[in-house]
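Data first, discussion second: the structure below is written as structure tokens.
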Amino acid sequence: MLTRAITMTETIDTLLTTTNKYLWNYLLLFLLLGTHLYLTFRLRVPQRYLFKAMRYYFPKKGEADGQISQFSALMVSMAANIGTGNIVGVAAAIAIGGPGAVFWCLVTGLLGIAGRYAESLLAIRYRVQDKNGNISGGPMYAIERGMHCKWLAVCFAVFTAIAAFGIGNIVQAHTISSTLTASGLNVPTWLIGAVLSALVAGVLLFGLNGISRICTALVPAMALTYIVGCGLLLSVNAAYIGPALLRILDCAFSAQAAAGGFIGSTIMLAMRTGTCRSLFATEAGLGSSPIVSAAVKTANPVQQALVASTGPFWTILVCTLTGITLTTVTLAANGTIDATKDATLTANVFGTLGLTGTCMLAISLSAFAISTLFGWSYFGEKSLEYLGGQRLVTPYRALWSVAVFIGCIIPKSTIAWNFSDIANGLMAIPNLICLVALSGIVAKETRYYLQDNNLDTIDNTPIPTIDEKN
């Protein structure tokens, strides 16, 4: 009986692993990248407005409907996006595709700005509110109200709810627990789980306002801590920064094997691994971040879309910094750090700073994972609310806190990880269909507000109540 169960588990694991690789390495690679390219040209390269968008982080006060500020929404979005994948995920891309993957990660991230811009604009354009003024929006509402395709909207909401508990909860909780354990702290995993669950439950009691306050304080602090750590590593190994940059560019366009501890890689392998990591890290096109964009106080849809579009830019900067740091230190180590071992690459690189580096990495990984927990909790909550109404919110928050505890104490399972990745990828498909189908609406709004210089014009279109949804 036990042998049969083990065999079944192995079969499921193999099936999920194969499905996950096909989904992310092939199907979503072309769908996401293709959509980003299409929107970049259709919207006349919205990336060129990046610095203009940053000026609207703190806009002038005016008459605008919404629950949170544009900057707070950006922080919640980045809290979910800038997770452990921006650190260990980049290490995996380098180990598989070589240093050239860092270059393609950066290029893809810049293209993803167009996708985030479009999906955030649609989130504002088709948002709704309940009788208490609580605002809801995101791809499920854009699909239902813009495309009039209820079943596809339901599919998106279901996949998002599943992905939230996987990639946004259990995976992140396990990362926090394993990171603190590996750092040498003799704290039992059950205690880590109990404290973290209580912390999460306390924040969720205050809903979006509580989440936005925590993320607004946590995201800049955690990013700064990690950047300082990378800065220390680069300053210690400053003589190797130039060679590292040349190695990244050379491996991005060269099919020759790379020396200095890196495995040989072809151009296509570097492109594929770098592109996949970027798409996964920024989540541009997946449809998760627009859920929080819908709740902002903004003058018009384009203004918020611009602010939201800077999220992938900052996320990909963290990824690029990680890649440059890992490549620089590995070259400086002259073969003593194995760049083909993605599971230990980042830890070994930061370990060159001694206890200081190890602690900084542990703090950064834990903070990134905690912020992702809060960001994805809101995405999952709004998806379930769309499916079953407000009555599901309280049970959901309780279940979310319990799942955090479970994630801390369970051993790592490739089945759980692969299943989470698959759900995360499947939610992108309905959203990408929506982005292409409603790209005409996005182009029209962009033309009026942005290209015709009406960016400060207030859109007085009333937000329909939930009963007026059609």
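The values are calculated or read from the model by the stated rules, or taken from the named source; none is laboratory data. Keep in mind the model is a prediction, meaning the values are calculated, not measured. All Cβ positions, even for glycine, are placed from backbone atoms using ideal geometry, and neighbour counts span all protein chains on display. Accessible surface is based on the protein model in full, side chains and every heavy atom, while ligands, DNA and RNA are left aside. Shrake-Rupley method; radii C 1.70, N 1.55, O 1.52, S 1.80 Å.
Values as computed for the structure displayed
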quantity	calculated
Flag if Glu119 is part of a helix (DSSP H, G or I), surrounded by fewer than 24 Cβ atoms within 10 Å (Cβ to Cβ) and charged (D, E, K, R)	no
Condition check for Ile241: among the hydrophobic types (A, V, I, L, M, F, W, C), open to solvent by less than 70 Å² (accessible area, probe 1.4 Å) and modelled with pLDDT of 85 or more	yes
Single residue of Tyr378, Tyr386 found to be under 25 Å from Phe206 (Cα atoms), open to solvent by 10 Å² or more (accessible area, probe 1.4 Å), at pLDDT 90 or above and among the hydroxyl-bearing types (Ser, Thr, Tyr)	Tyr386
Unique residue being polar (S, T, N, Q), more than 25 Å from Ala362 (Cβ to Cβ), touching a residue at least 24 places away in the same chain (Cβ under 8 Å) and part of a helix (DSSP H, G or I) when the list is Thr108, Thr179	Thr108
Enumerated helices (runs of 4 or more DSSP H) restricted to region 396-446, each holding at least 3 residues that are buried (at least 16 other Cβ atoms within 10 Å of the Cβ), β-branched (Val, Ile, Thr) and over 22 Å from the mean Cα position of the chain (by Cα)	439-446
Per-region count, region 166-208, residues under 30 Å from Val296 (Cβ atoms) and either open to solvent by less than 50 Å² (accessible area, probe 1.4 Å) or not small (Gly, Ala, Ser) (or both)	22
Members of region 1-56 found to be among the hydrophobic types (A, V, I, L, M, F, W, C), at pLDDT 80 or above and open to solvent by 90 Å² or more (accessible area, probe 1.4 Å), listed by number	Leu15, Phe30, Phe41, Phe51
Residue check for Gly380: within 27 Å of Leu27 (Cα to Cα), part of a helix (DSSP H, G or I) and under 17 Å from the mean Cα position of the chain (by Cα)	yes
Region 321-367: number of residues that are open to solvent by 20 Å² or more (accessible area, probe 1.4 Å) and not in a helix (DSSP H, G or I)	9
Exclusive hit being under 28 Å from Phe405 (Cβ atoms) and either touching a Phe, Trp or Tyr at 6+ places or on another chain (Cβ under 6 Å) or open to solvent by 10 Å² or more (accessible area, probe 1.4 Å) (or both), set Met140, Met147, Met78	Met78
